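See below for the structure under consideration.
The values are calculated or read from the model by the stated rules, or taken from the named source; none is laboratory data. Since the model is a prediction, treat every value here as computed from it, not as a measurement. Here the Cβ positions follow ideal geometry from the backbone for every residue, glycine too, while neighbour counts run over all protein chains shown.
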Amino acid sequence: MMPRNRTLKQISFLLLALLLLLGSAGCSQPAPRDTAAPVDATYQEPHRPQFHFSPPTMWMNDPNGMVFYEGEYHLFYQYYPADTVWGPMHWGHAVTEDLVHWKHLPIALYPDDLGYIFSGSAVVDWQNTSGFGVDGKPPLVAVFTYHNAELAKTKRKNHEYQGIAWSNDRGRTWTKFSGNPVLPNTQKLQDFRDPKVFWHRPTDRWVMALSATDHVQFWGSGNLKEWRKLSEFGREWGAHGGVWECPDLVEMPVSGTTETRWVLLLNLNPGGPQGGSGTQYFVGDFDGTTFTLEDRFKQTLEQKEAVWLDSGKDNYAGVTWADVPPADGRTLFIGWMGNWEYAQQVPTSPWRSAMTLPRELILAKTGDNYRVLSRPVDELKKLRQSTWQAQPEVLADGEALPLPAPFPISSSEVILEFELPANGQQVVSVELSNENGDVYRIGYDGFTNEFFSDRTTSGNSSFSEQFAAVHRSPRLTRDRQLRLHIFFDVASAELFADGGANVMTELFFPSRPFSQLSIRADGQEIEMTRATVYELDGIWN
C-alpha cells in the first residue's frame, strides 16, 4: 500500500526513479544487487532496534510474501532502496530459521513497465498447479499488486492489478510470469490490491483475499493464473475511516476445543484506533466462496465500530505466515511498526521503519464470543541474558519503585504481576527515563479500566503534531489479577497484557537511551506480586 498524500516534487522524483528502475515484464529479474548491510549501516545508530527486524538502510513498510519453506521463514517487505521515504516499491527480502535472527538477501522483485511492486503474498505450490515447478520440486509463487503510476494520473481507476512471479531456488531469484497481469482491474476500482492467497482444501482451489477500497473481494483459481470472482465482504461492517488494505483470511483452531473458525484480518488507513493506520479483525466461517460473520461477533460490531488486533498507534499491515508446518500448528504474525501519520518523518537514519516482534495469534472463546489474542513467540526467550527479579512488595500511593537492573534496560523484557484493590481506584505504570528528563509511561488506569501509553514527554516529537499523546485502550476484564508483559527495544514498547488479550505497540524517540526503569502506583496502594526484568541480546551481533 501507499501513503495518501504526495507533493508535486516527491511525485516528480518518484517518476524519475521509476524510469531508472524499470525492467521488462515476463522475464527474469535483473542481476541481483547485493543488499547485505553496507558499511554505513552499523545497527548501532541512535534509535536503531536491537532485536526487531529493520532493513540495513533506506525505506521499508508492509511485510509481504511471508511463507515457510525448507526450514526458512521468508519475510519480503515493501522497500525503496533509493531513499528513506516512500518511493517506487520493490520487494526487499530476508529469511530466518528461528523467527529471531535474520539474514538479509538481495531484492526479490523490482518495478517494471507494468508498475511498482505493491504488497502481496507468497505460497508453496505443492501440487505444481501453476506448472512452474521443475525436477519434481514445488515452486514458490509470489502474488502481488502492480501499481502503475502513469495510469494513476489518468484517473481511470484501472492502475492497480495483480501479477505473479515464481522461484525454483528457495526464493533467491524470481521470474515474472509473461502473462501478467493475471487479474486485471476490469471493475475500475481506485484501490484494488494486496492479494493474500491460500489453498482451500475442501474446494480444491486457491483463494485470494483482495482489498477493494472499502471491502474485501474473494477470488478463486485452480492454477494461480486464471481467477474468478467468488464473493465480497465488509461494505457494511467494521471501521471505514479510510481505505481497506492488506487483508488476510486464515482458519484458526479455537483454543481448548476441537472447533475452528475463520479470522479475517483487515488493515485500515486512516481510521485506526489511535488515529492513522490500524488493524481490525472479524471472526466467522468461510465455505470456500463466502465469508460469514459469527452471530455473536456480528452483535459486537453492531454495538461498536470495530474490534482491533492491536490498540497501540504503531502496528499496521500485519499478515500471517503461509505453510507453517502442521506439526508446529501456530498462526504466526508480524506487522509493520509504524503509522502513516508520521512514518516518513521519524528521526532515524540511514533507515526508516522496523517490524513488530513475531507473534502467535490465538483464537479464544470468551463466554459465547471470540477474541484473537496476540503473544510474543516463544523463540524470543533465547535472547534472554541476565535476569533481575524483585521481591513482592506493596507500593504506596505516589510511590515510584526503581528497578535497578544491573544491565541496560533500553533493550529488555519486563514481566510484572499485580493484585489490584477491589475498588479499582488506582493507576499502575512502568516508567522509562533518562538523564535528560525524558519519560515514557505505559500501564493500567483502574479508574477508567484502560491500558495507556503516554509519550507526551518521551523525547523528540517535533517531527509530527500527531505524535506526542496519551493513547488508551479499554481492558476486557475487571480481574484483580493484572499481568503486564512488555518488550522495550531502544525506541519502542510492545505491551502484551492479560495473556495477550490487550496489546499496544508504541514508538518513542528519547534524546538519549532510557537508562532508568521504575514502577509507580497512584491513587491507592497496590500489591506487586512479581517483577522480572530480562536483558535481551541483540540479533545483529
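So the values come out like this:
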quantity: Close pairs (9 angstrom Cβ cut-off, 6 or more residues apart or separate chains): under 15 Å from Asn369 (Cα atoms) in the range 291-310, assigned to a helix (DSSP H, G or I) and of a type in the set (Phe, Trp, Tyr) anywhere; calculated: Val307/Phe297
quantity: Condition met for Phe68 (aromatic (Phe, Trp, Tyr) and surrounded by 24 or more Cβ atoms within 10 Å (Cβ to Cβ)); calculated: no
quantity: Number of the exception - His93 against (1) under 22 Å from Leu332 (Cα atoms); (2) within 21 Å of the chain's Cα centre (by Cα); (3) in a loop (DSSP other than H, G, I, E, B); calculated: (3)
quantity: Given (1) part of a loop (DSSP other than H, G, I, E, B); (2) on the phi > 0 side of the Ramachandran plot; (3) buried (at least 19 other Cβ atoms within 10 Å of the Cβ), index of the condition Ala343 fails; calculated: (2)
quantity: Options Val243, Val216; residue that is buried (at least 23 other Cβ atoms within 10 Å of the Cβ), in the same structural domain as Asn180 (by TED's automatic domain parsing) and modelled with pLDDT of 95 or more; calculated: Val216
quantity: Phe192 over 21 Å from Pro325 (Cα atoms), in contact with a Gly (Cβ under 6 Å, 6 or more places away or on another chain) and assigned by TED's automatic domain parsing to the domain that holds Thr331; calculated: no
quantity: Residue tally, condition buried (at least 21 other Cβ atoms within 10 Å of the Cβ) and out of contact with any Pro (no Cβ under 8 Å at 6 or more places or on another chain), over the range 192-204; calculated: 4
quantity: Subset of the range 145-163 [more than 13 Å from Asp112 (Cα to Cα) and either in contact with a strand residue (DSSP E or B) (Cβ under 7 Å, 6 or more places away or on another chain) or of a type in the set (D, E, K, R) (or both)]; calculated: Lys153, Lys155, Arg156, Lys157, His159, Glu160, Tyr161, Gln162
quantity: Filter pass, Arg371 being at pLDDT 95 or above and not assigned by TED's automatic domain parsing to the domain that holds Asp248; calculated: no
quantity: Enumerated strands (runs of 3 or more DSSP E) restricted to the range 471-541, each holding at least 3 residues that are within 23 Å of Gly437 (Cα to Cα); calculated: 481-489, 492-497, 502-507, 516-522
